[in-house]
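Novice: To start, I am sharing the structure in question, which I have written as structure tokens.
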Amino acid sequence: MKIKGFFILVLAAIVSSVTLISCYSFKPKIKEINPAFGKHISGYTSGMVTRRTNLRIELSSPVKQGNSLPPNTTDPVVLPALPDSNLLEDIFSFEPKIEGKAVWISDRIIEFIPKETLPVNQFYNVEFKLDKVAEVPNDLETFEYQFSTFPQNVFVTIDGLRSYDDYNIEWQKLTGKVTTSDYEDTATVRKVLTVMQNGKKLPVKVNYTYTNNETYFYVDSIERKESAGKIVVSWDGEAIGAFGKGTQEVVVPGLRDFSVTEVRVIENEEQYVEITFSDPIKYGQNLKGIVNLKGVEGLTYSIEGNLVKMFLPNRIVGAKDLTVTTGIKNFKGYKMLQEYNDILQFNEPKPLVRLKGNGCILPNSNGLIFPFEAISLKALDVRVIKIYENNVHQFLQVNDLDGEDGLTRVGKIIVDKKIALDYDKTVNLKQWNKHVIDLGKLITPDPGAIYRVSIKFNREYALCDCEAELVNENNEEVVTEEVNDQGWNERDWDRYGFGSGYESWEYYYDDNYSACDPNYYYGKAVSRNILASDIGLIYKLDDNKMSHAFVSNMITAKPIANASVEYYDYTKQLIASGITDVNGMLDVQLKKKPFLMLAKSGKQRGYLKLLDGYTNSLSKFDVEGEVVQKGVKGFIYGERGVWRPGDSLYLTFIMEDKEKRLPPNHPVKFELQDPNGQVIYQATKSKNVNGMYDFRTATSDEAPTGNYLAIAHVGNRTFTEYLKVETVKPNRLKIYLD
């Protein structure tokens, strides 16, 4: 959902207007917003939005009258009381009408939740009765604004035929993907596709994925007959009110034919060739000399069923001869009857920028170096937004460290400039090259501030053979200057929001656009948040609400002593604080659930959100441990992890009684059960050494294998541990030397 700040650049408004007009057969009248509303409304949903959005109004000041949250709320964060819901009755009106209801999100945020998914390509006029929730002059009683939903578009990608397995080539499956520019129901997407084989319509099945509005489809039970046939896949977006239609034929090879059915040159971030065969390829065969690209050395291959991927050592441009000799074998060992030859066209790489990794914390060991990779670009634009230290808590209320929501409320643009990439004439810019931005030369890092670094490019910077008039339509000289914050121009307050197009665009555009087409450059910007800090943080919380903080230096891995650690709740109120010891540790009893942990060491700052959903996943590790039972903790330990039938088992029960709830030499009853639940050993001991009880037992040579259960009883407390008894075979290693 797009929440625009109240004030919008004139240029951004013009661009939005042109965009909206171009999407409709009529020309909607764009209404001007009275700047006086800015005193009462800080943000609202505007521009082009997805069909499943909730429409939001954010007031500048909270509405104080209200009632409390429902008593059964499970929200771990204590929020302020919400205003009276009766204030929201008929507070929104839409043209065309939208069924739904308005609700309070907080004491100054109102959301209208549509009852149904909004239609595509629809322009709306909205009236919001501001006087129902704020004291305003008569001319500001109703706030009128506009928004629209995206026009829908359909793109279809066909992956081709695949065999079900290596032993059944009589039946195959066709797979592909339908991508829509906006949300569409899976059942409705199915109506877009029609698949025919020999005049017979085949059923299409779909699987929905939650990324990029993609719907994967497949058609199973496609029969291969003696002679070759074909499948016709056609699509028409009219079924969902969308643009886009087309037809593609897929050859179904005959059972007697082992041949190449399709060859594709993939020109994504990496360049390679996909060769699809009629039958699965025999695994393990060396394809060097069998699948060749004339004049290209150092090719590598991978075999995936009936698909062979041929990877190039470097990107190439131009026509190349592909040859697949009859030496290639299918899974049954049969060779192709005829050699396959084709001429493949490798295009110039399109301009692109990519970031490696996904971290946000940048230690200062080598300076503030921001690495990235670029191809087919001679320059790019860099923008740095500074999120101030005193706003970080507010920023993290709605973001993770790498988030981008609400930037206009917490930060400012401090750098906006062009950077050249063609400084080294010996570098081939039409290959992927690594570059770095030395942020130390652009900014002076403040302790605790977060910096959002964004990179974007346009047709001017592309190394492509485009017509001269496309490179610079206005024939204007490109002037690069750093941001000069006037401080008094309110229209600049939203200049780096969604209206500027600097961040990734939500609207989907087909990557098949030419690099000379301006549509290609939508969605190509990349961004990353940077926290210049050496501080690494670990937080743990035990059952007694005792917090354990660990502060260390990420460069040296040494603990940081005398670091200040502070815990804050959601509303930025300090809960607890303390100073780390020589081991970089701090234990503090917490009375409330913390939202944020802040660590300070000199000029360094470290932040860690402490919500339940942010804990590290431990599902792949054995971290069960032992729960404290009435002040006593117990643990059963064996000298090894696996025993064989007939082995002796030397087991130790370790008991910890810090609160001295048990008398000295308290007896411990121990028993061992086999996998069938039968007790095969039982003993009681009271003698111990520092809480360690020794139990020695064994299994018989004929004992069943499986999981044995060791049980220790301490009064009415029970501690258990599973022991594995297995028949162990020596390792064998089989090596093929051919």
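The values are calculated or read from the model by the stated rules, or taken from the named source; none is laboratory data. Note that the coordinates shown come from a computational prediction; the quantities given were computed from them, not determined experimentally. As a convention, Cβ positions derive from the backbone with ideal geometry for all residues, glycine included, and neighbour counts pool all protein chains shown. For accessibility, only protein heavy atoms count, side chains too; no ligands or nucleic acids. Shrake-Rupley method; radii C 1.70, N 1.55, O 1.52, S 1.80 Å.
Novice: So which lysines can LYS600 reach, going by Cα to Cα under 28 Å and dropping same-chain residues fewer than 8 places off?
Specialist: Within the straight-line limit of under 28 Å, LYS600 reaches these lysines: LYS386, LYS412, LYS441, LYS540, LYS545, LYS558, LYS572, LYS591, LYS592, LYS609.
Novice: Would you please give the FRET efficiency between LYS132 and ASP402, computed as 1/(1 + (r/R0)^6) with r the Cβ-Cβ distance and R0 = 56 Å, to the nearest 0.05? All intermediate terms of the calculation are to be shown ahead of the outcome.
Specialist: Working: r = 38 Å, r/R0 = 0.68.
E(calc), rounded to 0.05, equals 0.90.
Novice: Largest first, what is the accessible-area ranking of ARG661, ARG409, ARG528, ARG732 with a 1.4 Å probe?
Specialist: On the way: ARG661 135, ARG409 80, ARG528 45, ARG732 195 Å².
From most exposed to least exposed: ARG732, ARG661, ARG409, ARG528.
Novice: For the stretch 126-259, what mean projected area does the convex hull of the alpha carbons give, in nm²?
Specialist: 11.3
Novice: Suppose a student asked you for the relative contact order of the stretch 680-725, using Cα pairs under 8 Å spaced at least 6 residues apart; what percent would you report?
Specialist: Here the relative contact order equals 27 percent.
Novice: Any idea what the relative contact order of the stretch 512-616 is, in percent, if you count C-alpha pairs under 8 Å spaced at least 6 apart?
Specialist: 23
Novice: Whenever you get a sec, compute what percent of the accessible area on the stretch 508-637 sits on carbon and sulfur atoms (1.4 Å probe). Intermediate values should be presented prior to the final figure.
Specialist: On the way: 3840 of 7490 Å².
Carbon and sulfur together cover 51 percent of it.
Novice: Keeping all protein chains in position, work out how much accessible area ARG108 exposes to a 1.4 Å probe, and write it in Å² to the nearest 10.
Specialist: The accessible area comes out at roughly 70 Å².
Novice: Could you put MET585, MET655 in order of accessible surface area, largest first, with the 1.4 Å probe and the full protein assembly present?
Specialist: MET585, MET655
Novice: Run the numbers for LYS356 and LEU574: contour at 0.36 nm per residue of separation, minus the present Cα-Cα distance, in nm.
Specialist: Values: separation 218, 0.36 × 218 = 78.48 nm, distance 3.64 nm.
The span from LYS356 to LEU574 would gain 74.8 nm if fully extended.
Novice: Using a 1.4 Å probe and counting only protein heavy atoms, arrange GLU135, GLU404, GLU270 so the residue with the most accessible area comes first. Please report the intermediate quantities before stating the final value.
Specialist: Values: GLU135 180, GLU404 70, GLU270 100 Å².
The most accessible residue leads, giving GLU135, GLU270, GLU404.
Novice: Looking at the stretch 281-345, which GluC sites (Glu not before Pro) are DSSP coil and have at most 12 other C-beta atoms within 10 Å of their C-beta?
Specialist: In loop regions of the stretch 281-345 (DSSP not H, G, I, E or B), the sparsely surrounded GluC sites (Glu not before Pro) are GLU297, GLU339.
Novice: For the stretch 622-690 and the stretch 210-281, what is the centre-to-centre distance using only Cα atoms, to the nearest Å?
Specialist: Using only Cα atoms, the two centres lie 61 Å from each other.
Novice: Right, here's the next one. Which value, in Å² and to the nearest 10, is the accessible area of GLU262 when all protein chains are kept and the probe is 1.4 Å?
Specialist: Number for this one is 50 Å².
Novice: For SER227, what accessible surface area do you get with a 1.4 Å probe? Give it in Å², rounded to 10.
Specialist: About 80 Å², rounded to the nearest 10.
Novice: Return the sequence-ordered ³J(HN,Hα) values of the stretch 689-696 in whole Hz as given by the Karplus equation 6.51 cos²θ - 1.76 cosθ + 1.60 applied to θ = phi - 60°, using x for Gly and Pro.
Specialist: 10, 6, x, 10, 10, 9, 10, 10
Novice: Over the chain, what relative contact order in percent results from Cα pairs under 8 Å that are six or more residues apart? Walk me through the numbers before you get to the answer.
Specialist: On the way: 1523 pairs, mean separation 54.2, N = 738.
RCO, the chain: 7 percent.
Novice: Quick one: plug the Kirkwood hydrodynamic radius of the chain (C-alpha pairs) into Stokes-Einstein at 10 °C, 1.306 mPa s, and report D in µm²/s.
Specialist: Using the Kirkwood radius from Cα pairs, D works out to 49 µm²/s.
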